[in-house]
Structures are given as C-alpha cells and as structure tokens.
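Single-structure report; data block below.
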Amino acid sequence: MLRSFAATGALALLVACGQPAPQGSAPAQEALSESAIDDRPVLSIYSTRTYESDTVLYARFEEENGVRIDVRESGAPELLDALKAEGADSPADVLLIADAGALYQFQQAGFTQPVRSDALEKAIPEPLREPDGNWFGLAKRARVVVYDPQLLPLEEVDTYADLADDRLKGELCVRSGTHIYNLSLLSELISRIGSDAAEAWASGAASNFARAPEGGDTAQIEAVAAGKCAVALVNHYYWVRLATGTTEERLTAAKTLVSFPDQDGAGTHINITGAAVASTADAPDLALRFIEFLATPEGQGLLTSETREYPVVAGAPMPEGLELLADFKPSDFPLSDLGANLAEAQAIYDRAGWN
Ligand code: FE
C-alpha cells in the first residue's frame, strides 16, 4: 500500500511536553523541523530474509528513489497468514521470498499479480521466472551433497540417486521433509523420474538416515564434520558461509567436500530467492522498479553478498566464497512447475518417514 507517513510522533511529543531546544543551536533546530515531516511514498516489503545486508540494499533504493521502505520479516508460513488476515487492506507492495515452492504458495493464494518488464525478461533466464510475471527469480541456490571424503569417494555421492543406495545405510543426515527446500527438490524429481521412482528414492533415502531429521542445513554439515554421518543434503550457501566464517566454522567446512549431483544427467537442483509484486500493491510501478533494481549488477551484489547465493544476472559481482565451489551444470527445470507437485511431495515424504 502506498501511503505518506508523517514522522511526527516522537517530535510532536517533545514539543507538546515543552522540552527545551537543544543547547544554543539554531541549525540543529532547523534540521529537526526539516526531518519532522517524512512525506516520502512508502514501499512495504514482506520478506522471508533476515540479513544485515538487506538494510544496505533498502537504503540504496530509498536514496535513489526518494521513497521510504517498510520491511516485515518473517517465515513464509507466517507471512502467508498475515496476508490472509489483512486481506485487501494489506500494506504489502513487494514479496521477497526464498524458494520457488514458497512463491508458488503465495501465487496460489492470490497474493501476487502478473507484471510485464522488458528489463527483467531480458536479465533473468526463463526457467527462473514465472511465465506470466507473477514472480521473478533473483538469486540462485543449488541443493548439493556435502560428504566426508575420508569415508566416501566422490563417485559414490555424485547423484541424488546415490543418497537412496544401500551403501549409505545409516550415513545420511537431512533436515525435515516438511521443509520447502526438500519439498521443492522432490517436486522436481517427481517431474523428472515419475511418482513411483520418486517415492522409491525418498523411502530409500529415509532408510539410510543416520538419525531422525533435525535442525537446519548448517546442522547437517556440522554433523558430517563431527562424524555423525558421512553425507548430507544441503543448500550450497550454508557450506560457503562456514567455509568463509570463523576459524571454527572454517575447520568444520574443511572436513567436508561439496558434490553437485547429477552432472552427467539433468544437472543439480536449483532454486531461487524471488520477488513478486503483491496483489495489494497500490503502486505496482514502484514495486516493479524495486524488483528491477534487484536485477541490476548493483542490486544483485547487495542481494547476494551476505547470503552467498549465486547472482542470476550477467555481469553481477560474485559473493565471496563461491570461488571455493566447482563450476557446475544446473538443472534447467522450469521453477514455476515445482508448485504443482508440492502436495504429492509432502505425501511421499510422510509415507517414507522423512520427518
Ligand atoms: Fe536458507
């Protein structure tokens, strides 16, 4: 929702209480009254991200466009609930959401709107955006295998199918099958290899678990480094953050290697952080301008520097640490097709005991 905002609250209170002006300072008084009224248009962003670097990103856009950005950060399920509760009155202008599966859920619930943008269509590869312009992928992540090279050779962990092989009995660490990262991967596998083979894969992998799924992706890498399992399934950036982190984190990453599955086949499962113009946006043009900024080399740099996702736009700067990973072949599966299989993927994980 686009609205003007008068930042008068605290100042009005000061004045009403008869607070003395700051000591002998006409210029200070002037500065105060100038900042008293903030009538910049407001762009309201609902984001599943929680990164320091996003405050820099927002500040850059505010500065360049004379707007004020309001951010609401929360998990995707919580943001979905908020949008449902707010209905047409929601202030949301832009949805900034990790994972195409999650974006599908926002689209299905009617919280996105289709927009056209020559700049975005030119800059972003087709498989990474929704064909009608309901959302645009802006940063890429790969779902990779992290393994202990003392225990396993690369050849035994270079496909997703390997994770379901009997050889890895008791050696696999994963997060919950209710998490969107695992649901999106299985959604792609359902399309690639069919429901029956995908179900056989999920139950084979579940029978290889070293422990019941627990924790996030970082916890799985730590478990491999600690010898609790030989192999884990994680998004690449969690490994990169450890590999470029504190001394202790670097030591953890150094005990493991990253394998990009299916290089001789369909390529490694890719997902995105993407953005949508919210269906409740009062000024879709401004919302779209923000998304277009994210697809410039500058916006891409700000969006990925801390997350260590891959930029999707040619000419964008590479985040620190990605040079530690091999070049790899990504799957070219159209991400807008993931959503159709999410419910089936959940049912398969539930039957497989991947929870
Ligand atoms: Fe993540």
Suppose only helical runs count, i.e. DSSP H with n ≥ 4. What mean residue ellipticity at 222 nm does that imply for the chain under -39500 (n - 2.57) per run, divided by all residues and rounded to the nearest 500 deg cm²/dmol?
-11500 deg cm²/dmol
For the chain: lysine pairs with Cα atoms under 23 Å, gap of 8 or more or different chains, count?
6
What's the ranking of 118-127, 265-274 by average number of surrounding C-beta atoms within 10 Å, highest first?
265-274, 118-127
Difference of contour (0.36 nm per residue) and Cα-Cα distance, Asp332 to Glu62:
93.7 nm
What is the percent of Cα-Cα separations in segment 82-132 that go past 14 Å?
60 percent
Sequence-distant residues sharing a close amide H with Thr112 (under 5 Å, placed H)
Ser279
What order, most packed first, do the peptides 82-93, 98-109 have when packing is the mean number of other Cβ atoms within 10 Å of each residue?
98-109, 82-93
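Eigenvalues of the Cα gyration tensor times 5, then square-rooted: what semi-axes does that give for the chain, in whole angstrom, largest first?
They are 42, 23, 19 Å, listed from largest to smallest.
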Using the beta-carbon distance between Lys169 and Ile193 and R0 = 35 Å, what value does 1/(1 + (r/R0)^6) give for FRET efficiency, to the nearest 0.05?
0.95
Quick one: what are the phi-derived ³J(HN,Hα) couplings along segment 307-312, Karplus 6.51/-1.76/1.60 with θ = phi - 60°, whole Hz, x for glycine and proline?
6, 6, 6, 7, x, 10
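Quick check: with the 1.4 Å probe, what order do Asp285, Asp54 take by accessible area, largest first?
Asp285, Asp54
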Leaving out ligands and nucleic acids, note down the accessible area per residue over the chain with a 1.4 angstrom probe, in whole Å².
43 Å²
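The values are calculated or read from the model by the stated rules, or taken from the named source; none is laboratory data. What you see is a predicted model; the values in this text were computed from it and never measured. A quick note on method: Cβ atoms are made from the backbone with ideal geometry, for glycine too, and the neighbour counts reach across all protein chains shown. Side chains are part of the model used for accessible areas, which takes the heavy atoms of the whole protein and leaves out ligands, DNA and RNA. Shrake-Rupley method; radii C 1.70, N 1.55, O 1.52, S 1.80 Å.
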